[in-house]
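> Would you mind keeping the following structure in view while I ask a few things?
The numbers here are math on the coordinates, done by the rules we state, and not lab data. Model, not experiment: these values are computed from the prediction. Virtual Cβ from ideal backbone geometry, glycine too; neighbours counted across all protein chains shown.
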Amino acid sequence: MKELVGLLVSVHTGNNEDLSKDAQASVKIELDGFVGDKHRGFERVAWPGDKDPAGTVRRNERQWSGVSVEELAIIGQKMDLKEPLTATTLGANICVERIPDFSRLPASTRLIFPSGAVLVVEECNPPCADMGEKITAKYTTRSGERAAGHLFASRAFGLRGVVGVVDVPGVINAGDKVVVQIVEPPVGD
């Protein structure tokens, strides 16, 4: 098992109409997700284009989402954004730094916090068109034009972070150290 140590830069919750989440100093997480968050729950309804037919009630593998400072900067550069792209805008619950290739963390990776809380990665979080529209409304390019949100899906592909579930409840705080345990696949003969 490979282990890294990163930093929890910010933590967010919310149910805002523009898909954003509000920064918090501290958040309580339960087995069904982040307290006060839109994506909290053991189940969710599939949307059009999801893994299951739209409307199917399924297990919620998206109790939380996370992004990294480094990958947000890359997306911002690729979209030529004047202002830094933020975890708040993208509706992420956590924003980390010092975890290389955060969006490529494999399923079953564990994020362990000082309180004992543990988040488990389920999969990468693909960029969506709805988020691109929100970026168009909030951001401008370095040349002063409105950001081309339709580019978000292609520019953020492989950089949009990860989603997952809560494994152990607890409290997480902005500024916490995050121990990342990456489960490596077994090597065959």
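> Which trypsin sites (Lys or Arg not before Pro) does segment 114-189 hold that lie in a coil by DSSP with at most 16 other beta carbons within 10 Å?
Arg142
> Charges only on Cβ, +1 for Lys and Arg, -1 for Asp and Glu: so what's the dipole of the chain about the Cα centre, in debye to the nearest 20? It would help to have the intermediate numbers written out before the result.
Values: 22 positive and 26 negative charges, 64 e Å.
The dipole of the chain has a size of about 300 debye.
> Ok, one more. What list do you get for His12, His39, His150 if you sort them by fewest beta carbons within 10 Å? Don't jump to the answer; show the numbers that get you there.
Working: His12 26, His39 20, His150 13.
Ascending Cβ contact count within 10 Å gives the list His150, His39, His12.
> Grab the Cα-Cα distance for Ala54 and Glu97, subtract it from 0.36 nm times how many residues apart they are, and report the gain in nm with one decimal. Write out the running numbers ahead of the final one.
Details: separation 43, 0.36 × 43 = 15.48 nm, distance 3.47 nm.
This chain segment gains 12.0 nm when fully extended.
> How far, in degrees from 0 to 90, does helix 129-138 lean away from the longest principal axis of the Cα atoms of the chain, to the nearest 10?
Approximately 60 degrees, to the nearest 10.
> Same structure again: Taking K and R as +1 and D and E as -1, what net charge do the other residues with C-beta under 12 Å from the C-beta of Val27 add up to?
Values: positive: Lys21, Lys28, Arg40; negative: Asp22, Glu30, Asp37, Asp176.
Net charge around Val27: -1.
> Residue by residue through segment 14-29, which ³J(HN,Hα) values in whole Hz follow from phi under the Karplus form 6.51 cos²θ - 1.76 cosθ + 1.60 (θ = phi - 60°), with glycine and proline marked x?
3J(HN,Hα) across segment 14-29, in whole Hz: x, 9, 6, 4, 8, 6, 6, 10, 8, 5, 10, 6, 8, 9, 8, 10.
> Here's something else I'd like to know. Be a star and scan segment 140-181 for residues whose amide nitrogen sits under 11 Å from the point 7 Å along the Cα-to-Cβ vector of Ser26.
Once the point is set 7 Å along Cα→Cβ of Ser26, 171-174 turn out to lie under 11 Å by backbone N, inside segment 140-181.
> Please order Cys128, Cys95 by the number of other Cβ within 10 Å, starting at the fewest.
Numbers: Cys128 16, Cys95 25.
The fewest-first ordering by Cβ neighbours comes to Cys128, Cys95.
> Given a cut-off of 26 Å, name the pairs among Lys51/Lys177; Lys28/Lys82; Lys78/Lys134 whose C-alpha atoms lie farther apart than that in the structure shown.
Details: Lys51/Lys177 34 Å; Lys28/Lys82 34 Å; Lys78/Lys134 17 Å.
Long pairs (Cα-Cα over 26 Å): Lys51/Lys177; Lys28/Lys82.
> If you don't mind, there's one more thing I want to ask. Around Ala107, with a cut-off of 10 angstrom between Cβ atoms, what is the net charge of the other residues, counting Lys and Arg +1 and Asp and Glu -1? Show your work: numbers first, answer last.
Working: positive: none; negative: Glu61, Glu122, Glu123.
Local charge sum for Ala107: -3.
> Expressed as an acute angle from 0 to 90° and rounded to the nearest 10, what is the orientation of the C-alpha long axis of helix 69-78 relative to the principal long axis of the chain?
30
> Order 116-122, 87-93 from most to least packed using the mean count of other Cβ atoms within 10 Å.
Values: 116-122: 20.1, 87-93: 23.6.
Averaged packing, sorted descending, gives the order 87-93, 116-122.
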